[in-house]
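Contents: one structure, followed by commentary.
What follows draws every value from the coordinates through simple rules; no lab data is involved. Small disclaimer: the values here were computed from a predicted structure and weren't measured. Ideal geometry is used to build each Cβ from the backbone, glycine not excepted, and the neighbour counts take in all protein chains shown.
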Amino acid sequence: MSFSQHLVLWLHIAFVIFAIGPVTLAISSTPRYIKKRDVRIVRYLSRITFIFMLAALGVLVAGLVLAQMLSESGRPWVIISATLFVVAELLLLVIIRDQRRAIRMLSGAGPDAPEPGSGHADAAADGAGAAADAEAAPTAGITRDSATVERGRIAMMGGLVNLIWLVILVLMVWNG
């Protein structure tokens, strides 16, 4: 391998460690905090999921560049891995949607209301809105099962995303 190929390989590995690790932790932690009805933490986990989902695209890009550099891009395991990665990213979009629905439900606004603090307001206004949500949540008449559907769907799809990443890892190690 040349220096440039090694560099792209290290970049690919760095994206895996620093992007997929945090997004996996965020989606795995979300159901617990939905169950605890902690709107502030669920909102934070939703932001982490979105930011690191975008950063995880670097894994795909670096992997495809490396496959092209090594003349491996037409191999079935590379095509399957890239396809599975795109499926995982699409599932992450659905998870983010469900996280935002859970935030609205826990805030007492209902599943179809716009998320509080989702506009382009300054950070102080967003922080004040989050503080108001945290204070209002216990008294908003939230039932014990108000976000159960989202919690279950996030847990299920999060497990599926993790399984997809495990399959991709096995394909990479087996054929690498």
Taking θ = phi - 60°, what integer Hz values does the Karplus form 6.51 cos²θ - 1.76 cosθ + 1.60 yield along the range 100-106, in sequence order, with x for Gly and Pro? 5, 5, 4, 4, 5, 5, 5
In debye to the nearest 20, the charge dipole size for the range 11-79, taken about the Cα centre with +1 at each Lys and Arg Cβ and -1 at each Asp and Glu Cβ, equals 580
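Using the count of nearby Cβ atoms within 10 Å as a rough guide to exposure, how do 165, 174, 77, 10 rank from fewest to most?
Numbers: 165 19, 174 8, 77 16, 10 11.
Placing the least packed residue first, the sequence is 174, 10, 77, 165.
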With label points built 7 Å along Cα→Cβ from the Cα atoms of residue 3 and residue 25, find their separation and express it in nm. 3.4
Which whole-angstrom value gives the distance between the alpha carbon centres of the range 9-55 and the range 72-92? 21
